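Colleague: Here it is, the structure in full.
The values are calculated or read from the model by the stated rules, or taken from the named source; none is laboratory data. If you're wondering where the values come from, they're calculated on a predicted model, not measured in any experiment. When we count neighbours, we look across all protein chains shown, and the Cβ atoms used for this are built from the backbone with ideal geometry, even at glycine. We work out accessible area using only protein heavy atoms, side chains counted, and drop any ligands, DNA or RNA first. Shrake-Rupley method; radii C 1.70, N 1.55, O 1.52, S 1.80 Å.
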Amino acid sequence: METQMRGKVVLITGGTGGIGKATALGIAKLGATTVVVGRNKERAEAALAEIKAQSGNPKVDLILADLSSQADIRKLADEFTSRYDRLDVLLNNVGGLYAKRWETVDGVEASFAMNHLNVHLLTTLLLPTLKASAPSRIINVNSSGHRFAKVNFDDLFAEKWYRGLDIYVNSKLVNLLVSYELARRLAGSGVTVNIADPGGAMTDMTNGMTPEMVPWFMAMAWPLFRVFQRGQTVEKAAVSSIYLASSPDVEGVTGRYFNPSGKEVKSSGASYDQIASRRLWDITEQLLANSPAVSTVRASA
Ligand SMILES: NC(=O)c1ccc[n+]([C@@H]2O[C@H](COP(=O)([O-])OP(=O)(O)OC[C@H]3O[C@@H](n4cnc5c(N)ncnc54)[C@H](OP(=O)(O)O)[C@@H]3O)[C@@H](O)[C@H]2O)c1
């Protein structure tokens, strides 16, 4: 175990499987107290044991929560702050790509909830702890697919039309726009917000993809696309998140997008539309209006 992150506390959503687990292992190897969030108890406990054994770091902890549920997200934030008095890195890694449209217990379209809303709510709830721990970092995991996305203000919750991958990338673009808005609002606070693009990897998410979920040109080249996907490892996909969580090179850097190698690059032109960012920020806050946490960000903005 290296010691580069000893004394730091890192919280990783979706840290018990896929890219998030590889990210958690990388961060645990650097010596940080690594708190992973997953939903399935058995799988989470197995992941925890594996991360501890492979990293040689005993300070790996678990909080169970279903991040599609706002009540669970609030419980997660309470549980975290009752166990820890600092948070150096919040790594919003979890995401969701679904074959069919469904709504969460809160009545929100699931792609929007899993790729955007959970990130905003958890971040908002943990912001006081992040500020008290400054300099601290928020890392939101996005997707290069955002480059093919658009924000459909007329059908933000995919009520009129649904195709899995399109709605997934659209919700990733929504999160990117709101992440940049958060970075602007937190300027000077000591809390940075950056975006990690993992590239691709074979995980539960990508294993669940079917030709019906993708545009026709991808469906046509489906066997080729799957071969390409199989060549991508979770370890490689974790590089940008681990870099953003640990590197002194990005201390104080905020509102930037990093490619799968951890190199800063521009995101899509649409992602820099500040009018859309503010509009989505307001919509997000309205959706979470019953959450007592929302006023925290508004007050500090
Ligand atoms: N894989 C790719 O090719 C790819 C490409 C671009 C971007 N990304 C992005 O990278 C991130 C990680 O993707 P991934 O492919 O590793 O995803 P994944 O395999 O689906 O992630 C699995 C992890 O997410 C957790 N999880 C799933 N749904 C959850 C929920 N409702 N509540 C709490 N935890 C939940 C799982 O916990 P349980 O096992 O307990 O359910 C597990 O820890 C996502 O943001 C994704 O959009 C991935």
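Colleague: In a loop (DSSP other than H, G, I, E, B) and either in contact (Cβ under 8 Å) with a residue 12 or more places away in the chain or open to solvent by 20 Å² or more (accessible area, probe 1.4 Å) (or both): does that describe VAL119?
Modeller: In short, no.
Colleague: Does THR3 meet the test of being among the hydroxyl-bearing types (Ser, Thr, Tyr) and either under 14 Å from the mean Cα position of the chain (by Cα) or within 22 Å of VAL119 (Cβ to Cβ) (or both)?
Modeller: no
Colleague: Take the residues in segment 8-42 that are assigned to a strand (DSSP E or B) and more than 7 Å from the ligand (Cβ to nearest atom), then tell me which one is surrounded by the most Cβ atoms within 10 Å (Cβ to Cβ).
Modeller: For segment 8-42, the residue satisfying everything is THR34.
Colleague: Within segment 163-184, identify whether any single residue is loosely packed, with under 14 Cβ neighbours inside 10 Å and either more than 27 Å from THR123 (Cα to Cα) or of a type in the set (D, E, K, R) (or both), and answer yes or no.
Modeller: Checked segment 163-184: no residue is loosely packed, with under 14 Cβ neighbours inside 10 Å and either more than 27 Å from THR123 (Cα to Cα) or of a type in the set (D, E, K, R) (or both).
Colleague: Kindly indicate whether TRP216 is open to solvent by 60 Å² or more (accessible area, probe 1.4 Å) and under 18 Å from VAL169 (Cβ atoms).
Modeller: yes
Colleague: For ALA113, are the conditions met, namely being in contact with a strand residue (DSSP E or B) (Cβ under 9 Å, 6 or more places away or on another chain), at pLDDT 95 or above, over 18 Å from GLU181 (Cβ atoms) and outside any loop (DSSP other than H, G, I, E, B)?
Modeller: Judged against the criteria, ALA113 is a match.
Colleague: Residues of segment 223-249 being farther than 17 Å from GLY31 by Cα, more than 11 Å from the ligand (Cβ to nearest atom) and touching a residue at least 60 places away in the same chain (Cβ under 8 Å), which ones?
Modeller: GLU235
Colleague: While we're on this one: Output the number of residues of segment 45-88 satisfying the condition of being part of a loop (DSSP other than H, G, I, E, B) and either in contact with a Phe, Trp or Tyr (Cβ under 6 Å, 6 or more places away or on another chain) or open to solvent by 80 Å² or more (accessible area, probe 1.4 Å) (or both).
Modeller: Count: 4.
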